[in-house]
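Notes follow once the structure below has been shown.
Since every read-out is calculated from the coordinates, none of them should be taken as a lab result. Everything numeric here is computed off the predicted structure, so don't read it as measured data. Note that each Cβ is placed from the backbone with ideal geometry, even for glycine, and that neighbours are counted across all protein chains shown.
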Amino acid sequence: MKKFSFNKIFWGIALIVAAIVLLLDATGILTPFKSVVGEISLLSIVLAVIILYLIVRWAIRGQIGRLFIPLALLFMLFEPNIAYLMGRTDPAEADLISNWILLLCAVIFTVGFYLIFGKKSTEGARVIKGVKILGNNNEYIDGADFTGTKRIENNLCAYNVYFNNADKYEGNGTLIIENNLGETKVYVPNIWKIDSHFDNSLGSVSTIGNYSPD
């Protein structure tokens with residue numbers, strides 16, 4: 001039985017919908033719609049799809065505390081269109097709420113949910129760090145403590161993973177990495193034997209370097 005892949009299903013649907021929207025826009029069918037909600041830029045649509053991907057993925061996992069900041073960003077993207085829909089056609093009236101207040105409330109909601117429900121990890125995996133969004137991040141894993149299953153999630157980041165105390169590693173450690181629209185590099189000691197399994201959608205995976213496992 002083929003394993004269900006959320007990534008492939010989501011991006012497959014997103015690409016099909018994008019093609020349909022382009023066709024409708026090119027034929028002028030969307031013109032009446034634009035007169036109701038105003039103009040929507042292609043960049044806003046692309047960013048909205050990325051944010052929606054994170055929202056759906058976290059919602060499926062029951063990670064409700066993570067949804068508030070993406071929802072706030074989604075509102076900020078389409079705030080002028082929401083205002084237009086409410087009859088505020090003047091650009092000066094398009095500011096429905098201060099972005100700082102919106103983000104502050106989203107952060108407060110997030111902290112509140114985490115305090116009540118805590119962080120949720122899946123498949124019994126130990127979450128090394130919380131979700132990362134944008135920027136450059138480095139993660140260091142102690143080989144002496146690398147037992148069982150550990151998990152890293154990277155969203156829109158450049159993420160580097162290093163191992164310390166490689167000579168103290170006893171084997172049988174499992175590292176699960178979920179990389180969404182970012183770049184993750186794992187620097188594995190060349191004395192370790194690696195058993196890799198990849199599920200890739202709209203990206204690339206490569207293994208570089210030589211190793212002599214003992």
Sparse-neighbourhood loop sites, chymotrypsin sites (Phe, Trp or Tyr not before Pro) in segment 172-214 - DSSP loop, at most 11 other Cβ within 10 angstrom: Phe198
For Asn160, distant residues with modelled amide H under 5 Å away: Asn137, Asn138, Glu139, Lys185
For segment 62-84, list residues with backbone N below 16 Å from a point placed 7 Å from the Cα of Leu47 toward its Cβ? 69-83
Suppose R0 equals 41 Å. What FRET efficiency, 1/(1 + (r/R0)^6) with r the Cβ-Cβ distance, do Leu104 and Ile208 give to the nearest 0.05? 0.45
For Lys168, list the aspartates and glutamates whose Cα falls under 17 Å from its own Cα; do not include residues on the same chain fewer than 8 positions away. Asp142, Asp145, Asp214
Test of the criteria: in segment 133-185, which GluC sites (Glu not before Pro) are in a DSSP loop and have at most 15 other Cβ atoms within 10 angstrom of their Cβ? Glu170
So if R0 is 45 Å, what FRET efficiency would Ile194 and Glu39 give, r being the distance between their Cβ atoms, rounded to the nearest 0.05? 0.35
